[in-house]
1. Where in the stretch 1-104 are there strands (runs of 3 or more DSSP E), lying fully within it, with 3 or more residues that are at pLDDT below 85 and surrounded by 14 or more Cβ atoms within 10 Å (Cβ to Cβ)?
2. Against the definition (surrounded by fewer than 16 Cβ atoms within 10 Å (Cβ to Cβ), at negative phi and touching a residue at least 24 places away in the same chain (Cβ under 8 Å)), how does residue 154 come out, yes or no?
3. Does the stretch 113-120 include one or more residues that are in contact with a helix residue (DSSP H, G or I) (Cβ under 9 Å, 6 or more places away or on another chain), in contact (Cβ under 8 Å) with a residue 40 or more places away in the chain and buried (at least 17 other Cβ atoms within 10 Å of the Cβ)?
4. Of all residues in the stretch 105-132, which are assigned to a loop (DSSP other than H, G, I, E, B), over 19 Å from residue 150 (Cβ atoms) and not small (Gly, Ala, Ser)?
Amino acid sequence: MTLLPEDSPQPIGEGDRETAVRRLQTAYAEALISHEELDERLHRVLTAEVRGELVTALASLPEEEPGAASTIGAAGGRIKRRGAWRVPRVLKVGSAYGRVRLDLSRAIIEHPVVDIELQLGTGGARITVPRDAVVDVEGVTTGWKDLRYRAPRRSRSGGPVIRISGAMGFGRLKVRHAWRRVQW
């Protein structure tokens, strides 16, 4: 076994690269960096080979809040959230069997960008988002069934960006906007 010197460059994994890309996208969505700066930094992240290159690409960005992620998991049965529940910055949902129902229409959303990461085996998921939310479902892969989401005809501004990603085995993902705007 060969030992590496302490100052040798550390290679990066795909998880590190994905985290860096997500941090850059969040910084852009929160208007912390310009579009041009986003392009430049994304190029550096995607071509980086060692950890030091990622660090320089993320320089001057605020650190991610450590308590801003939550995980909901179940081996079987239903996962259901509705009403006035507090939505974390990153919500990870995992279920081997069973259905997932997330209703964000009356939820307390304190972040301009919310990432929902799905890891589902069998069983579908239905996510209801606020009427004025912007939804991104590009990061979702489905195995057996398809994804059902229709963007509203008129875009509304002022709502949160809901990014849904992850993998679904044998279920269908349905995303819809709430019918009415909720007033508090």
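1. 69-74
2. no
3. Scanning the stretch 113-120 turns up at least one residue that is in contact with a helix residue (DSSP H, G or I) (Cβ under 9 Å, 6 or more places away or on another chain), in contact (Cβ under 8 Å) with a residue 40 or more places away in the chain and buried (at least 17 other Cβ atoms within 10 Å of the Cβ).
4. The answer is 106, 110, 111, 112, 122.
The values are calculated or read from the model by the stated rules, or taken from the named source; none is laboratory data. Model, not experiment: these values are computed from the prediction. So basically every Cβ, Gly included, is an ideal-geometry build from the backbone, and we count neighbours across all protein chains shown.
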